[in-house]
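Student: Have a look at this one.
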Amino acid sequence: MGSTRNTDDSEAGGSIAAAVADERPDGDELPSEPTERLSWVRVAAIVAIVGLVAAGFAFAGKRLTADDELLDRSWSVPYVDVTLTPTYQFQNPQSNPARDIALAFVVADPDEPCDPSWGGAYSLDDAARDLELDRRITQLRAAGGDIMVSFGGQANSELAFVCTDDADLASAYRSVVERYDLHAIDLDIENADIADTPSIERRAQAVATVQAERAAAGDELDVWLTLPASRSGLTDDGVALVTATIDGGVDLTGVNLMTMNFGSADEPTSDMLAATKAALEAAVGQVADIYRGQGVALADSERWTKLGATPMIGQNDVIGEVFTLDDAKGLADFAMAKGLGRVSTWSLNRDAPCSASFADVMVLSNTCSSVAQEPLDFANVFTVLPGRAASLPQGDAVTVIDRPQVADDPATSPYPIWRPDAQYPGSYKVVRRGMVYEAKWYNQGAEPGSTTGNPWDSPWSLIGPVQPDDVPFAPTTLAPGTHPEWSPLPLYSRGEMVLFDGLPYEARWPNRGEPPSLLFPVGPDSAWEPIFTLRGEPTSP
């Protein structure tokens, strides 16, 4: 099936569809850069330049054509829903072929409106402990990737909407930017927030303050606004919000359109690519008008770099609206041809086929697309876009990095040290050679980090490195007398409880002279069942 295309192969380096067709469907190899074809006009230009050099003229090193400049601008940065279960392992190149991702969403804590939280469920510290978020970000960056954090979203409360103290609001944004050392943030403004003038003004002032602080420290902070759109572009409220944000002092990197849910259940949009292009074509004029009102005249190519698109891959919220792989290839072609500043997708969590348990594949799911695809098909379409945010380190796509060969010490490890004789249930976390791993399934004797024929054959997922501020794991001991101290002399009956080295155990079967184990995890062949939990153990059997 061919892709829908916006330009012929002589424009913008040819069709993305051709590049995607050469990829391995399992995502094992990262896609290569698109190949540029030279037209006769370009050949003539090259000959002319060579002639000028031969004549002794200096060539300043500029690109040959405006099209070449556009090719470097389109930036692929898919979203990852941080709090969605199961946790998406974005730090793993087999799960994430993109270099950069947008982590969503930081919102106000339900009980403390000026405290940032992940999805209203995890404080920043909770996310580090329970979701391993900080460690996974460190691993992604070590492999050449980076993150953008998205504030807001459809659910919960965006910080500026509920935090009314200007200083506290700036502090909330600052704490997120500084904790994750961000080079870019995304402000996803929806629902009533989009027309709420007081919160719009508070947000602009707070973000401008943090942005200026970063600039003074020598660190750029890109700021994107993500807003609803229709085929006619931004809504009137959206235009007013963009204008107010710039008026409030924010150096706005661009406006990202949510190119999804265009129609209604009664009148769904049948051609999502056409609707997406129409929305972008309309919005590019709106953005130019906004900047013209600020006294800034944008060239045509500059207008497009100020614009982004985020489709909902596969089934949209509106039944009957489906963004297909062909639509994705067409949007990638369009982005390359125009020099679109950004393309995101909602979301990597959904970039997979639905399982056979879905009786109706057109049911909207948070963890699959509801269309026929291989895992990460949509990501692989957009990963070939060659651009990257100017504030981010420039480099190659995410790759697997070498594991450090270090000796592990329980006194410095946040989880138990891996042992070849231990039996590890799924979701158990261990430390091996300075790295934290999580078991995908029950296994024994499979060394974390060892080479397998295919990465997905390994029973271990790499989470990230042991960090200097990690707290060594230690089970909580009980006070003497809570249970009788274990002794080698009695015959213990099934169900009896003892303390051993301050830790409580329960007899699995009658036994005598068999001490409880202090090697974790305690295997099922031990006569004593631990009745305590360790950090890193699965929360359920």
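Student: How much length is gained on full extension from residue 489 to residue 270, taking 0.36 nm per residue of separation minus their Cα-Cα distance?
Tutor: Gain on extension, residue 489 to residue 270, equals 71.1 nm.
Student: May I pose another question? What nm value, rounded to one decimal, do you get for the distance between residue 154 and residue 506 when each label is placed 7 Å out toward the C-beta?
Tutor: My value for the distance between the label points is 4.3 nm.
Student: Give me the three principal axis extents of region 72-383 from the C-alpha atoms, as integers in angstrom, largest value leading.
Tutor: 51, 47, 37
Student: Among the chymotrypsin sites (Phe, Trp or Tyr not before Pro) within region 500-541, which fall in a DSSP loop and have no more than 16 other Cβ atoms within 10 Å of their own Cβ?
Tutor: 532
Student: What is the distance in Å between the Cα centroid of region 108-158 and that of region 422-459?
Tutor: Value for the Cα centre distance between the two parts: 26 Å.
Student: Can you figure out the FRET efficiency of residue 518 with residue 219, using R₀ = 51 Å and their beta-carbon distance, to the nearest 0.05?
Tutor: 0.65
Student: Right, next: For an R0 of 25 angstrom, estimate the FRET efficiency from the Cβ-Cβ distance between residue 479 and residue 407 and round to the nearest 0.05.
Tutor: Working from the Cβ atoms, E equals 0.15.
Student: Follow-up question, since we're still on this one. Quick one: if the Förster radius is 22 Å, what FRET efficiency do residue 296 and residue 236 give, using the C-beta to C-beta distance and rounding to 0.05?
Tutor: After rounding to 0.05, the efficiency reads 0.55.
Student: A further question follows. Among the lysines, which have Cα under 27 Å from the Cα of residue 277 when same-chain residues fewer than 8 positions away are ignored?
Tutor: 306, 329, 338
Student: Using all Cα-Cα distances in region 436-541, what percent lands in each 5 angstrom bin from 0 up to the longest?
Tutor: 2, 10, 18, 17, 15, 13, 10, 8, 4, 1, 0
Student: Here is a follow-up. Rg and Dmax of region 275-345 over Cα atoms: what are they, in angstrom?
Tutor: Every Cα atom of region 275-345 included, Rg and Dmax give 13.6, 43 Å.
Student: Right, next: Restrict the search to region 446-530; then list the trypsin sites (Lys or Arg not before Pro) that DSSP places in a loop and that have at most 13 other Cβ atoms within 10 Å of their Cβ.
Tutor: Filter output for region 446-530: 494, 512.
Student: Kindly give Rg over Rh for region 402-472, based on alpha-carbon atoms, with the Kirkwood expression for the hydrodynamic radius.
Tutor: Using Cα coordinates only, the ratio equals 0.94.
None of the figures in this text is laboratory data; all of them are computed from the coordinates on show. All values derive from a computational prediction rather than experimental measurement. So basically every Cβ, Gly included, is an ideal-geometry build from the backbone, and we count neighbours across all protein chains shown.
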